[in-house]
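Read-outs throughout are calculated quantities, based only on the coordinates presented, and are distinct from any laboratory measurement. All values reported here derive from a predicted model rather than from experimental measurement. Quick reminder, even Gly has a Cβ in these numbers, built from the backbone with ideal geometry, and neighbours come from all protein chains shown.
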Amino acid sequence: MRACLERIEERNADLNAFTQVFAEPALSHASDADARQGAGETRGPLDGVPVAIKDNICTISGLTTCGSRILEGYASPFDAGAIERLHRAGAIVIGKTNLDEFAMGSSCERSIHGPTRNPLDPDRVPGGSSGGSACAVGANMVPGALGSDTGGSIRQPASFCGITGYKPTYGLVSRWGLVAYASSLDQIGPLARSVDDCALLASVIMGFDDRDSTSARRDPPALDGTRAELSDLRFGVPLQARSAIEGTKAQEPFERALKHIRSAGATIVDVDIPELEHAVSAYYIVAPAEASSNLARFDGIRYGRRAALGPGEGLETLYARSRSEGFGDEVQRRIMLGTYVLSAGYYDAYYLSALRARRLLKNHLDEAFAARPGCDAILTPTTPGGAFPIGALLGDPLAMYAEDLFTVIANLAGLPAISLPAGECDDGGARMPQGIQLMTPAFADDRLLSISRAIEALGPP
Ligand code: GLN
């Protein structure tokens, strides 16, 4: 704990990974854990281990701001389900990490707390929206962190910071106490420096929770240390992923990673997932639609910040002013987009079309797994490129959205997915980490991690 706090002290002022650090209570919980363990007892598999928490996951400790002005000063009266489970396993919440406001973004630049920087090159973004968690792990400030992933927010920053990030199957980790962005896509998951560490954190936070109506009522998969044999495996690479990265920075590192995996004996085949071309469009209809509904609760009355009213100004003005002052531009853009695609007259054209594309995408992925012989996992680059310079995409929302090309697939289809470090890509002379993404069928998270261990053991391509 002391080593982590020292490292945070050294690096956080420059990197801005943490928005709050709970140094005193963390040290005191750590000495309790020491005392317990000295007496031959342990609370659980994470007894005494510091974990950083993305600031859209409710914790009784400190504030839960979601990086938004509208939640200024908001202190949650309860811990999220995942946090309760962490505590039960003995883990210690060391602090809260920065994010794009309400987890909307791919760069961790859109936060009232200012941008987080990439630990490998502070002029570049750490990715987002769980950029603070990825930076904290990548800079060795903590061994592990929790993030949330609605369209890639765990995997993309993991890829940008050279670490491992895992989004479990939708429904395996309770969303109770995760501030909702897009409820049919949101999932909490771990970021860490190895597959085993991700598996350990995930196994602690998974499990049925009747306070989340989408929580899976089944035993979570066992994520213990099995490692698959690569020569037994067939990996599917979507043809549409290959064409999407042709001529981009991601092509060379991805080809290199495939060669590396093939040379270890694995079979790599093409799969046809035509909807991949429409995945970003579908995601950026479904996610804002759900966000526009979820964010209606922030009205300036119940949570956080309330705008000032002049004499004679009424309730409508209070709502409108609180929301206009409280939400940042990107969040307002999403609320407007979402309200538009759900409105009478546009619902069928946009929202329903997006739901149809989502279903077709899921069907094609399921078919790729179920075919005979089917794929054991689907493999793509995690992102179309590496960490970009701070500010580079801020003025171009579509370019920012295009970052999510490969990651949104898993959320739309509810599949588990992981990003593993897989070498570097060349961005104008700078070498930045580049991840590969693996996906397996829903609830085959044990298979996903066991294949990931095999790829990790190969070493960098
Ligand atoms: N970048 C995506 C978005 O802005 C994904 C964010 C996330 O997974 N929370 O919506």
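Charge tally for residue 327 (other residues, Cβ to Cβ under 14 Å; Lys, Arg +1; Asp, Glu -1): +2.
Taking every Cα-Cα distance in region 213-256 and sorting them into 5 Å bins starting at zero, the pair-distance distribution P(r) comes out as 5, 14, 13, 12, 12, 14, 16, 10, 3 percent.
Rg/Rh for region 44-182 (Cα atoms only, Rh after Kirkwood) is 0.94. Using every pair of separate Cα atoms, the Kirkwood estimate puts the hydrodynamic radius of region 1-42 at 11.5 angstrom. Computed over Cα pairs, the Kirkwood radius of region 126-278 leads via Stokes-Einstein (1.567 mPa s, 4 °C) to a diffusion coefficient of 76 µm² per second. Other residues lying with their Cβ under 14 Å from the Cβ of residue 51 contribute a combined charge of +1, Lys and Arg counting +1, Asp and Glu -1. For region 381-455, treating each Cα as an identical point scatterer without solvent, what Debye log10 I(q)/I(0) comes out at q = 0.14, 0.15, 0.19 1/Å? Once normalised to I(0) and log-transformed, intensities are -0.54, -0.61, -0.86.
Once the gyration tensor of the Cα atoms in region 170-212 is diagonalised, the equivalent ellipsoid follows with semi-axes of 20, 12, 7 Å, ordered largest first.
Using only the C-alpha atoms, the convex hull of region 222-308 corresponds to 222 Å³ per residue. State whether region 155-231 is rounded, prolate or oblate according to the following rule on the C-alpha gyration tensor (a ≥ b ≥ c being the square roots of its eigenvalues): a/c under 1.5 gives rounded; otherwise a/b larger than b/c gives prolate, and the remaining case gives oblate. Oblate. Could you give each residue of region 172-189 its phi-based ³J(HN,Hα) in whole Hz, using Karplus coefficients 6.51, -1.76, 1.60 with θ = phi - 60°, and x for Gly or Pro? Once rounded to whole Hz, the list reads 7, 10, 4, 8, 5, x, 8, 5, 5, 9, 10, 4, 7, 10, 4, 8, 7, x. For the chain, relative contact order (Cα pairs under 8 Å, six or more residues apart, normalised by length) works out to 18 percent. Karplus-based coupling profile of region 121-128, in residue order and whole Hz: 7, x, 8, 10, 6, x, x, x, with θ = phi - 60° in 6.51 cos²θ - 1.76 cosθ + 1.60 and x standing for Gly or Pro. Membrane-span-like helices in the chain, defined here as complete DSSP H runs extending at least 24 Å along the helix axis by their C-alpha atoms with mean Kyte-Doolittle hydropathy no lower than -1.0, are 276-294, 353-370; this is a sequence and geometry rule, not a statement about a membrane. Each principal axis of the Cα atoms in region 408-450 has its own extent, and those three values, largest first, are 40, 23, 7 angstrom. Taking the chain as the region of interest, the number of lysine pairs whose Cα atoms are within less than 25 Å, with members eight or more places apart or on different chains, is 6. Translational diffusion of region 250-407 was estimated from the Stokes-Einstein equation, with Rh taken as the Kirkwood radius over Cα pairs; at 20 °C and 1.002 mPa s the coefficient is 112 µm²/s.
Using every pair of separate Cα atoms, the Kirkwood estimate puts the hydrodynamic radius of region 310-402 at 17.9 angstrom. Treat the chain as a sphere of radius equal to its Kirkwood radius over Cα pairs and apply Stokes-Einstein at 20 °C in a medium of 1.002 mPa s; give the translational diffusion coefficient in µm²/s, rounded to a whole number. It diffuses with D of about 97 µm²/s by this estimate.
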